[in-house]
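Report on the structure given below.
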Amino acid sequence: MTMNDTWGFKKNDHNWKSPETLIRQLVDASSKGGNYLLNVGPTPDGLIPSPSVERLEAMGKWMKVNSESIYGSSASVFPKLAWGRCTVKPGRLYLHVFDWPADGKLEVPGLKNKVKKAYLLADKKARLQVTPGEDSQIVSLPATAPDPIASVVVLEIEGQPEVAAAASLRQGSDGVVTLVAADAIVHGQTAKLETGGNRDSIGFWTNPADFVTWDFKLKQPGTYTVEITYACENGSGGSQYRILVGDQKLDGTIMETGSWGDFITETAGKITLAQPGVHQLQVKPVQKPGLAVMNLRAVILKP
C-alpha cells in the first residue's frame with residue numbers, strides 16, 4: 001500500500017491517507033492472515049517526507065499499545081464483524097473495535113467458547129464483564145473507546161475457537177442496520193472493494209452482471225427506510241439498480257455526483273421485514289449506460 005497515491009516520491013502528490021486508514025488497513029490485513037507492506041517514497045535527497053513521518057509516528061503510537069494483537073497473530077475465526085476485525089493467538093481472541101457501541105454492549109456473534117477473562121489491551125488490569133446472549137457473547141465496555149481508530153478487546157478463551165455459523169452483521173441498538181462495502185460479498189468478474197482516498201466502496205463495477213450481497217441478523221421486525229450511499233462520475237450516470245430483500249424489491253437510478261469519490265445518500269424506498277432472524281440484501285444492476293454502475297459505499301436500513 002502507498003501512503004499517498006504514488007509508489008515513489010512525487011512532489012505534487014498530496015493525497016495522503018489518514019492514520020486511521022493506514023492503521024485499519026494494517027488490522028484488516030492481519031485479520032485475513034496477511035502481511036502489510038507499507039511504502040515510503042524518499043525525496044531525491046533521501047529524506048522521508050514529513051507527512052510520511054507523521055503517519056508512521058501515529059502508527060507507532062498505536063502499535064506501542066496494541067502490537068500484541070498484530071505480531072505473530074493469525075486470521076480471524078469470524079467471517080465478518082459489523083464493528084471491526086479479529087486476530088487470533090492460541091487461547092486469545094483480539095477484537096479490534098472500529099465502531100464503539102453506543103450502548104456499551106459489544107456483541108461477539110456465534111462464539112461458543114467459555115471466556116475466562118476479558119480486558120482492553122490499553123488497560124489490562126480492568127476486567128470486562130462477559131455474558132452469554134442469543135447465539136453470541138456480550139462484552140460490557142466502558143462508555144468511551146480508549147482509541148478512536150481501533151481499540152483492542154482481548155478475550156482469553158478455553159480451547160480452540162469455535163464459532164457457530166450465523167450472520168455476523170447485526171442490527172444496532174438503535175434498530176439501524178448498516179451494510180458497508182467492506183462487509184459485502186461481491187459476486188462477479190469486475191466489481192471489487194476499493195479503499196483509500198475517500199473511496200471505501202465497491203468500485204470497478206463495469207460488468208452489469210456483477211452484484212453484491214449482505215447477510216444480516218434482524219432482531220426487531222418492522223418497516224424500514226432503505227438508504228443507499230454511492231458516487232458516480234459525470235458522464236457515467238443513468239445506471240439502474242435493484243435492491244432485493246426476499247420477495248421485495250426497490251428500483252432506482254444512479255445520478256451523477258461529480259466524481260467516483262463524491263458520495264451522496266438517497267432514499268431508495270421502504271421495505272417491511274415481518275420476521276426476526278437472518279435476511280439477505282442484494283444490490284443488482286439492471287442496466288449500465290456509462291463506464292461503470294457506481295461506487296457503492298453502503299446500504300442502510302432505518303426503522
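All of the numbers you see were taken from the coordinates with simple rules; none came from a lab. Since the model is a prediction, treat every value here as computed from it, not as a measurement. Cβ coordinates were reconstructed from backbone atoms using ideal geometry, including for glycine residues, and neighbour counts include every protein chain displayed.
Couple of notes before you dig in:
- Among 75-87, 117-129, 96-108, the order from most to least packed when residues are scored by Cβ within 10 Å on average: 75-87, 96-108, 117-129
- Normalised alpha carbon radius of gyration of the chain [divisor 2.2 N^0.38 Å]: 1.07
- In this structure, Asp99 and Ala274 have a Cβ-Cβ separation that, at R0 = 25 Å, corresponds to a calculated FRET efficiency of about 0.35.
- Taken about its Cα centre, the stretch 62-213 carries a charge dipole of about 560 debye when Lys and Arg each add +1 at the Cβ and Asp and Glu each add -1 at the Cβ.
- Shown in residue order for the stretch 133-150 are the 3J(HN,Hα) couplings computed by the Karplus curve 6.51 cos²θ - 1.76 cosθ + 1.60 at θ = phi - 60°: x, 6, 6, 6, 10, 10, 9, 7, 10, x, 5, 10, 6, x, 9, x, 8, 7 Hz (x for Gly and Pro).
- Extension gain for the segment Asp174 to Asn35, taken as residue separation times 0.36 nm less the Cα-Cα distance, is 46.5 nm to one decimal.
- Note on the stretch 141-282: Lys pairs 8 or more places apart or on different chains, Cα atoms under 19 Å apart, count 4.
- Rg/Rh (Cα only; Kirkwood hydrodynamic radius) as it applies to the stretch 25-166: 1.03
- FRET efficiency for the pair Met255 and Val65, taken as 1/(1 + (r/R0)^6) with r the Cβ-Cβ distance and R0 = 30 Å, rounds to 0.10.
- The alpha carbon centroids of the stretch 111-132 and the stretch 22-37 are separated by 23 Å.
- Under 15 Å from a label point set 7 Å out along the Cα-to-Cβ vector of Ala58, the amide N atoms of the stretch 1-37 belong to 2-5, 14-27.
- Proximal lysines to Lys114, defined as alpha-carbon separation beneath 17 angstrom and excluding residues fewer than eight positions away on the same chain: Lys89
- Among 203-214, 270-281, 172-183, sorting by the average number of other beta carbon atoms lying within 10 angstrom of each residue, highest first, gives 203-214, 172-183, 270-281.
- In Hz, Karplus ³J(HN,Hα) per residue of the stretch 235-243 (6.51, -1.76, 1.60; θ = phi - 60°; x = Gly, Pro): x, 10, x, x, 4, 9, 10, 9, 9
- Kirkwood hydrodynamic radius over Cα pairs of the stretch 19-69, then Stokes diffusion coefficient at 4 °C and 1.567 mPa s, in µm²/s: 108 µm²/s
- Placing +1 on the Cβ of every Lys and Arg and -1 on the Cβ of every Asp and Glu, with nothing else charged, gives the chain a dipole about its Cα centre of roughly 740 debye.
- Of the three principal axes defined by the Cα atoms of the stretch 84-165, the extents in descending order read 30, 25, 20 Å.
- Each principal axis of the Cα atoms in the stretch 1-91 has its own extent, and those three values, largest first, are 48, 23, 19 angstrom.
- For peptides 219-227, 287-295, sequence by mean Cβ density within 10 Å, most packed first: 287-295, 219-227
- 5 angstrom amide H check on Gln137, placed H, neighbours 5+ away: Val108, Gly110, Leu111
- Inter-part distance, the stretch 233-262 to the stretch 189-216, computed on C-alpha centroids, equals 13 Å.
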